[in-house]
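Undergrad: Questions regarding the structure given below will be posed in turn.
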Amino acid sequence: MAAPKKETKLSVFETLSAINVNQHTDKKKNLTYLPWAWAWAEVKKAYPDANYKIGETEFDEALGFMCHSTVTIEGETLEMWLPVMDGANKSMKKIAYEYTTKYGKKTVLAATTFDINKTIMRCLTKNLAMFGLGLYIYSKEDLPDVEPEPVAPVALVMKKMSAKKRQFAIDAINSKDMERIDKVAKYLVGVEDSKEKEELEGLIMNVQPEPEPQHPSGPPAIQESQQSNEPPPPPDMGDFPEVDFSDINQ
């Protein structure tokens, strides 16, 4: 008689990293956040004896505030730290200060107790990620900070595009195919992922012009508006939100 197979117990990391957190995340600009309350609840469900401690918040006149936390699960203790930052990920200090970008001066407000409390709980969530819960959402955190380029109006962007690309964008809007429109919109405002941008550029550049209709009795007479080089009227938008293309060919 064969001996029964011995069950292998999953480690804390294997257990928590297997949890899909995608449906519980929040987005702010280009960053993804996991609510601390949900994260802590999931950890306690799996490990009822888990506990955490909040460390002392440090302050440096030049650098700003730094929050600390420690989490202990199944006898293992890990520490985490996180600076108090504003919405642009700039360190907040006791007093407001200005910094200069290529778009002009910007202000970082003084940190409040609300900012510090919010950072402490975000620090706890990141601490839990070190045990595996939602660790993958921090995968792009180490990318260098880049000041975002201002987004130009769609009409201005289209005006700078070639006639072929411009027509492709107009056709996409008229098609009312949301997936196609979304791809074109991403191309117009730019995309971060170089592979995706290459795919979109290829999609646009490979558009083949529609063949001209054949007329048994010869081509139709040239319209007066074409003889005067006047731009044709904007395409029929149907029920789609109206877009002003009046200055595209100017």
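Undergrad: Which net charge results when you count Lys and Arg as +1 and Asp and Glu as -1 among the other residues whose beta-carbon is under 9 Å from that of VAL108?
TA: +1
Undergrad: Related question: Can you tell me the dipole magnitude for region 12-138 around its Cα centre, using point charges on the Cβ only (Lys, Arg +1; Asp, Glu -1), in Debye to the nearest 20?
TA: Roughly 740 debye, rounded to the nearest 20.
Undergrad: Sticking with this structure for a sec: For TYR33 and THR70 in one chain, what is 0.36 nm times their gap in residues minus the Cα-Cα distance, to one decimal in nm?
TA: Values: separation 37, 0.36 × 37 = 13.32 nm, distance 1.92 nm.
So the extension gain works out to 11.4 nm.
Undergrad: Measuring from label point to label point, each 7 Å out along Cα→Cβ, what is the GLU179 to LYS118 span in nm?
TA: Output for this residue pair reads 3.8 nm.
Undergrad: Can you give the FRET efficiency for TYR136 and THR77, using 1/(1 + (r/R0)^6), R0 = 25 Å, r = Cβ-Cβ distance, to the nearest 0.05?
TA: 0.65
Undergrad: Would region 12-138 count as rounded, prolate or oblate if I go by the C-alpha gyration tensor, calling it rounded below 1.5 in a/c and otherwise prolate when a/b exceeds b/c, oblate otherwise?
TA: Prolate is the answer for region 12-138, as a/c is 1.5 or above and a/b outweighs b/c.
Undergrad: Would you kindly state how much longer the chain becomes between LYS53 and GLN23 on full extension, computed as 0.36 nm times their sequence separation minus their alpha carbon distance, in nm to one decimal?
TA: 8.1 nm
Undergrad: Right, another one. Strictly over 26 Å apart at the Cα level, which of LYS105/LYS126; LYS45/LYS90; LYS27/LYS126 would you flag in this model?
TA: LYS105/LYS126; LYS45/LYS90
Taken together, the values in this text are just the output of simple stated rules run on the coordinates, not laboratory data. As the structure is a prediction and not an experimental result, all values here were calculated from the model. Here Cβ is always computed from backbone atoms with ideal geometry, including for glycine, and neighbour counts include all displayed protein chains.
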